[in-house]
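Enquirer: This is the structure I have questions about; it appears just below.
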Amino acid sequence: MCGIFAVTDNKNASKLAYVGLFTLQHRGQESAGMAADSSGRILYYSAMGLVSEVFSNEVLANLKGRSVIGHIRYSTAGASNLKNAQPLFFNTCLGPLAVAHNGNLTNAGRLRAQLQKAGAIFQTTTDSEIIIHLMARYRGRSLEETLAKNLRRLEGSYSFLFMTPGRVIGARDPNGFRPLVLGRLGASHILSSETCAIDVVGGKTAREIAPGELVIIEKGKVRFKRFAKPGNFTRCIFETVYFARPDAEIAGRTVQSARYEIGSMLAREMAYMKADLVSGVPDSGAAYALGFSRESGLAYQAVFMRNHYTGRSFMQPDQALREFTARLKLAPIKDLIRGKSIILIDDSLVRGTTSRKIIGSLKKAGAKKVYMAIASPAVISPCYYGIDTPTKEELIANNLSIDEIRRFIGADGLYYLSLESLIKACGNGRDRCFCTACFTGNYPAKIKSAM
Ligand code: AMP
């Protein structure tokens, strides 16, 4: 769960990268950083915090350079600390090299142990550093060949940005788990985790980077090169369900329109259900609930006030704060709730703690019935490809039956969307290439060493 963004050949590169990263902030809130190509040198800066906290005007002005790569982090491998903030920078035998990574390498433990045995000294605990050590050790005739050769040693998920003086290179793993798109802005090129960041800086999306493909941007020109045979294209379906921004386009449709469609599918699957209104858990739940309302004719009503200003300090898991953090973020609007039967939609149910709290607050506000509808199937398996999920033992759907989960969350009914409907909606009815491992336990790429 990270975001990456690059802009090349632009006099305002660091400012545009700021806007790009700011737009991708939902993908990670722990740390942010940029590396700038400054006439043969690479300047870099990263710090803990949100994009707006990390980059002052002064910091941006110091990141002089016409090309910039940037990163925002939510750690799924390695501790959350400044050393692990990206882009990572190294002076290597290949020259200065910066790297930014979104994804999770499932053979990181094995590769790290092998490299350390051979003398490598790691500076960080992130899996992202491994590729740099591999490149320094196993070289080809050119940088691209070196990259291609070493990317093939990696297992798991990755969208990478690399920077060397004069070059920005993007790479997407052979399954295409994590997103990476190319855009244009005048003579500049952009690489971004999501299309919405390209839109916000005023650019145009050109195309997705294909699974197993390198994109090389050099001297204002773009080239593509395959470094691996594409595996089965299995992009992460959870990007549409939960993670990506509503205005991002995935598989040819915006996340928002896919969520409306998912809501409609839920309504069709739950046609027997009677209630006074349908609502969603903010923010993503609203799109699902609107789709449900459109299909079923049931009135849509927002029953929560979402406070967008609860800073990170309120998200610390401190026992004294925990009690009211849920209410602080989501406050029920009482007179819309009192005496009503409500179908409440959320994107997913993982441990069940969110639903339990929210249903509790609706009941306390006087709701007559709360039927919980989940816009995806039950999460039964952890993600090893970059989405933060708890262990198998902590996933509620592994331990309890649907009726037991219903009782645990305090709902009067519990419904999960079928996988078939979810895939249909996410892929616009045509594209069926998704990783659905969290719902099925079928992992499309090796995970043995990640378990
Ligand atoms: P839980 O409370 O454990 O059942 O988690 C489900 C809730 O967390 C839903 O409201 C989701 O919107 C949200 N959610 C789902 N996946 C994640 C994730 N990987 N990280 C943070 N929140 C998540």
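Enquirer: Any chance you could check the Cα centroid distance between the range 339-363 and the range 395-451 for me, in angstrom?
Expert: With the range 339-363 and the range 395-451 each reduced to a Cα centre, they are spaced 18 Å.
Enquirer: Hey, another quick one. Which one of S193, I121, I423 has its Cα pushed farthest toward the positive end of the charge dipole of the chain, where Lys and Arg give +1 and Asp and Glu give -1 at the Cβ?
Expert: I121
Enquirer: Another question about this same structure. Keeping all protein chains in the complex and leaving out DNA, RNA and ligands, what accessible area do you get for D199 with a 1.4 Å probe, in Å² to the nearest 10?
Expert: 80 Å²
Enquirer: Counting Lys and Arg as +1 and Asp and Glu as -1, each charge on the Cβ, what is the dipole of the chain about the Cα centre in debye, to the nearest 20?
Expert: Roughly 600 debye for the chain.
Enquirer: Once you put a point 7 Å from the Cα of D403 and another 7 Å from the Cα of Q114, both along the Cβ direction, what distance in nm separates them?
Expert: 5.1 nm
Enquirer: Separate question: Give the aspartates and glutamates reachable from K221 as a straight Cα distance under 14 Å; neighbours fewer than 8 places away on the same chain don't count.
Expert: Leaving aside aspartates and glutamates fewer than 8 places away in the same chain, those within reach of K221 are D9.
Enquirer: Over the chain, what is the relative contact order in whole percent, taking alpha-carbon pairs under 8 Å and six or more residues apart?
Expert: Rounded, it is 13 percent for the chain.
Enquirer: Might you work out the accessible area of T146 for me, using a 1.4 Å probe with all protein chains in place, and round it to the nearest 10 Å²?
Expert: Looks like 0 Å² after rounding.
Enquirer: Using a 1.4 angstrom probe on the protein heavy atoms only, line up C438, C93 by accessible area, largest first.
Expert: Numbers: C438 20, C93 90 Å².
I get C93, C438, largest accessible area first.
Enquirer: Using a Förster distance of 22 Å, how high is the FRET efficiency between A331 and S52, based on the Cβ-Cβ distance and rounded to 0.05? Don't jump to the answer; show the numbers that get you there.
Expert: On the way: r = 25 Å, r/R0 = 1.14.
In this case the efficiency is close to 0.30.
Enquirer: Any idea what angle helix 319-329 forms with the longest principal axis of the chain, computed on alpha-carbon atoms, 0 to 90 degrees, nearest 10?
Expert: 80 degrees
Enquirer: Once the other residues with Cβ under 13 Å from the Cβ of I409 are scored (Lys, Arg +1; Asp, Glu -1), what is the net sum?
Expert: +2
Enquirer: For a 25 Å ceiling on Cα separation, which of these pairs sit above it: K11/K225; K15/K329; K329/K369; K334/K369; K229/K446; K117/K392?
Expert: Those over the limit are K11/K225; K15/K329; K117/K392.
Enquirer: Are there any trypsin sites (Lys or Arg not before Pro) in the range 102-147 that are in a DSSP loop and have at most 13 other Cβ atoms within 10 Å? List them by number.
Expert: Loop-located and lightly packed - R141.
Enquirer: Within 10 Å of each candidate Cβ there may be at most 12 other Cβ atoms; applying that plus a DSSP loop requirement, which trypsin sites (Lys or Arg not before Pro) in the range 213-300 survive?
Expert: K219, K274
Enquirer: Here's another thing I want to ask about it. Whose amide H sits under 5 Å from the amide H of R178, counting only residues 5 or more places off or on another chain, with H placed in the peptide plane?
Expert: The list, which skips near neighbours in sequence, is Y158, D173.
Enquirer: With everything on Cα atoms, drop me the angle between helix 255-269 and the longest principal axis of the chain, reported from 0 to 90° to the nearest 10.
Expert: With rounding to tens, the tilt is 30 degrees.
Enquirer: Counting Lys and Arg as +1 and Asp and Glu as -1, what is the net charge of the other residues whose Cβ lies under 15 Å from the Cβ of I131?
Expert: For residues surrounding I131, the net value is +3.
Enquirer: Give, as a single signed number, the net charge of other residues whose beta carbon lies under 15 Å from the beta carbon of K64, with Lys and Arg counted +1 and Asp and Glu -1.
Expert: Value of the local net charge: +1.
Enquirer: Can you give the calculated 222 nm mean residue ellipticity of the chain, where each DSSP H run of n ≥ 4 adds -39,500 (n - 2.57) and the sum is split over every residue, rounded to the nearest 500 deg cm²/dmol?
Expert: Per the formula, -8000 deg cm²/dmol.
Enquirer: Please state the shape class of the range 3-233: rounded when a/c is under 1.5, otherwise prolate if a/b exceeds b/c and oblate if not, all from the C-alpha gyration tensor.
Expert: rounded
Enquirer: With a 1.4 Å probe and all protein chains kept in place, how much accessible area does L43 have, in Å² rounded to the nearest 10?
Expert: 40 Å²
Enquirer: Considering only C-alpha atoms, what is the centroid distance from the range 90-116 to the range 184-230, in Å?
Expert: Centre-to-centre distance over Cα atoms comes out at 22 Å.
The values are calculated or read from the model by the stated rules, or taken from the named source; none is laboratory data. From a predicted model like this one, the values you see are computed outputs, not experimental measurements. Cβ atoms come from the backbone with ideal geometry, glycine included; neighbour counts cover every protein chain shown. Note: areas computed on protein heavy atoms with side chains; ligands, DNA, RNA excluded. Shrake-Rupley method; radii C 1.70, N 1.55, O 1.52, S 1.80 Å.
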